[in-house]
Structure formats: structure tokens, C-alpha cells
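Only one structure is covered here, and it is reproduced in the block below.
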Amino acid sequence: MADEKMIKALLFDVFGTVVDWRTSVARELGPFLEKHGIKDDPHDVANAWRKKYQPALEEVRTGRRPFVKLDVLHRENLETLLADYRIDVAALPEETLSDLNLSWHRLQPWPDSVAGLRRLKQRFIIAPMSNGNIRLMTDMAKHAGLPWDAILGAEVVKAYKTSPEAYLRTAEVLDLRPEEICMVAAHNSDLAAARKCGFRTAFILRPSEYGPAQKTNLRAEQDWDWIADDMGHLATQLNCPA
């Protein structure tokens, strides 16, 4: 276990680590799907939307596409998703499409997230380091009561995780050395990329992020600096007051 006294800031993956995107998006998709006669489980449709996420990011990470905000990618993926379900996107009101896309701004936190973040905030700078854009992260924080000290992430540094630039430029923004920052995530790949850039790492177990059939990130796959069952457990390990 690393010495937490070296750490000045905790940066958090958000989708899946801090918030339960699958349940939240499914709840918002449900009435729309019912109205359009789609009988698929809204949770499965939410998973299908999310499945388009990494390929869209990869287009930007590889340089095949200039940087665009995640809201733009989510909207494009939504239109493709609806077409997959044979819904005529062109016939839908813009207000309907926009509101569906904004469901990502209204995600609910995991039950332990807010209280855990408040404890961690007592000792460290805490901020999202998400692929979500600034307005998305700000709206989500307001909606879910997330007590961030700052909004950081892809739009700030114009790079998507897991590109090294995403981590290193964020350290520069904070005026901190990489080893003074701990990346907190429920995804081993995010932590591996952060570790290569010199960050400390903390794994939060979220075994139901993708639902009961989840097959990935069910355990820590490396000897991360801290491994926790939830946000409160991490706060205890980092000696944050209850």
C-alpha cells in the first residue's frame, strides 16, 4: 500500500465508478421505448448505447477525428442506436432526441458515492477525470450532489482516456506531479494507463455496473495502491474522518 501522505489530489473516473449509468439511463429510456413499441429491456438498450462509446472515442484517440465533446458522440451514438431498433430518427422531434441525450447529465450516484466523496474531500482535492464534457459533469454534479472541488476531464485537456495526454495534461492543469495524484476508478484499464503516467491508483469494486451478466472488472487485476469495496472503504483506507 502506498503512503497517502504523498497524495494531494484524487481524480475520479465517473461513469460506473461514481454513478450508476446503466440503471439511470434505462429509467429514462423506458417510457420512450414503450411509446415506440420496443419491448426490449431498457437496461439492455442502455448497454447497447454504452457499447458504442469506446469505438467513438477511439476515432478521436487515433487522430482519425478531431476532438469533439462527449455530448456530440453520445448524440451520434443515440441516433445510430435508434436506427438499429428501426426507429425513424428523422421523424422524431428535436426536443425528444435532445432530452434523451441529456439523460447522461442526470445519472444517479451509487449509494456510497456522495458520503464517501465528502469524507475524501476533507483531506484531498477531489475532481472528476472523466471523458464527459464540462457541462455534462457540471449538470451531473448538481443533479447527484457530487461535491467536486473542480471539474476536470477530457474537454479541459482535449484528450480522451486512456491516452497518456489525458492524464499528464491534467496533472499540469492541477500544477501537481503525477505521483501526487491518485486515479480512482472501477476499471482496470483506466488505472493501468494512469499508472504508466506515474499516477497512484485506487480500484473501487463495482461488480454490477453492466448488470448481472458483467464479466469484466470483477476484481483488481493488478496490485493497485489501494483496493476498496466502495467509496467509504477507500476513505477509511486513506485516513479520512468519518
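Structure notes:
- ³J(HN,Hα) computed for each position of segment 54-71 - Karplus, 6.51 cos²θ - 1.76 cosθ + 1.60, integer Hz, glycine/proline x: 4, x, 5, 5, 4, 4, 7, 4, 7, x, 5, 9, x, 4, 9, 5, 4, 4
- Straight Cα distances below 16 angstrom link Lys52 to the lysines Lys69, Lys161, with same-chain residues fewer than 8 positions distant left out.
- Shape category assigned to segment 4-96 from the gyration tensor of Cα positions, a/c cut at 1.5: oblate
- Note on Met6/Leu205: beta-carbon distance plugged into 1/(1 + (r/R0)^6) with R0 of 22 Å gives a FRET efficiency of 0.40.
- Rg then Dmax, both in Å and based on the Cα atoms of the chain: 17.9, 57.
- Placing a label point 7 Å from the Cα of Arg86 along the Cα-to-Cβ direction, the residues of segment 4-37 whose backbone N falls under 18 Å from that point are 33-37.
- Largest mean-square fluctuation among Gly211, Gly37, Gly232, in a Gaussian network model of the chain whose springs join Cα atoms under 10 Å apart, belongs to Gly37.
- Take 40-49, 177-186 and order them by the average number of nearby Cβ atoms within 10 Å per residue, most first; the result is 177-186, 40-49.
- Candidates Tyr53, Tyr160, Tyr210: whichever shows maximal mean-square fluctuation once the chain is modelled as a Gaussian network with Cα springs under 10 Å: Tyr53
- Mean separation of Cα contacts under 8 Å (6+ apart) over length of segment 71-170, as relative contact order %: 23 percent
- Per residue, the average separation of C-alpha pairs within less than 8 Å and at least 6 apart gives segment 128-215 a relative contact order of 20 percent.
- Residues in segment 109-134 reached by a label modelled at Thr62 [backbone nitrogen below 20 Å; 7 Å Cα→Cβ]: none
- Per residue solvent-accessible surface (Å²) - segment 84-156, probe of 1.4 Å: 46 Å²
- For Asp88, the accessible surface of its heavy atoms amounts to roughly 100 Å² (probe 1.4 Å, protein chains only, rounded to the nearest 10).
- Probe 1.4 Å, accessible area per residue of segment 196-242, Å²: 52 Å²
- Packing rank of 124-136, 64-76, where each peptide gets the mean count of other beta carbons within 10 Å, highest leading: 124-136, 64-76
- Förster-model FRET efficiency, 30 Å R0, Glu179 and Gln214, C-beta, rounded to 0.05: 0.40
- Along each principal axis, Cα extent of segment 10-57, largest first, Å: 44, 21, 12
- Seen against the Cα atoms of the chain and their longest principal axis, helix 42-51 is set at about 70 degrees.
- Our summary gives the chain a relative contact order of 25 percent, counting only alpha carbon pairs under 8 angstrom and 6 or more residues apart.
- Fraction of accessible area attributable to carbon and sulfur, the chain (%, probe 1.4 Å): 51 percent
The values are calculated or read from the model by the stated rules, or taken from the named source; none is laboratory data. This structure is a prediction, so every number in the text was calculated from the model and none was measured. Positions of Cβ are backbone-derived with ideal geometry, glycine not excepted, and every protein chain shown enters the neighbour counts. Surface accessibility is based on the protein's heavy atoms, side chains included, excluding ligands, DNA and RNA. Shrake-Rupley method; radii C 1.70, N 1.55, O 1.52, S 1.80 Å.
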